[in-house]
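Working notes for the structure below.
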């Protein structure tokens, strides 16, 4: 029997926004910029746990200050 890889678990967009503390709009922009790969299954967007963890380990987008 094949054991599934835990990194293959799929997260919903709501799970990702909650874990990161960002808005759905911010997450959508990151996906458009290919900072966080996503897959579409039957019309819904999902993020692989492994991709999510890889994005967390890498550089996070810089926050803009009020003066930028």
For residue 34, which of the numbered conditions (1) surrounded by 14 or more Cβ atoms within 10 Å (Cβ to Cβ); (2) out of contact with any strand residue (DSSP E or B) (no Cβ under 6 Å at 6 or more places or on another chain) fails to hold? (1)
Would you point out which residue out of 40, 48, 25 is touching a helix residue (DSSP H, G or I) at 6+ places or on another chain (Cβ under 8 Å) and modelled with pLDDT of 90 or more? 48
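The values are calculated or read from the model by the stated rules, or taken from the named source; none is laboratory data. Computed from a predicted model, the values in this text were never measured in an experiment. Ideal geometry is used to build each Cβ from the backbone, glycine not excepted, and the neighbour counts take in all protein chains shown.
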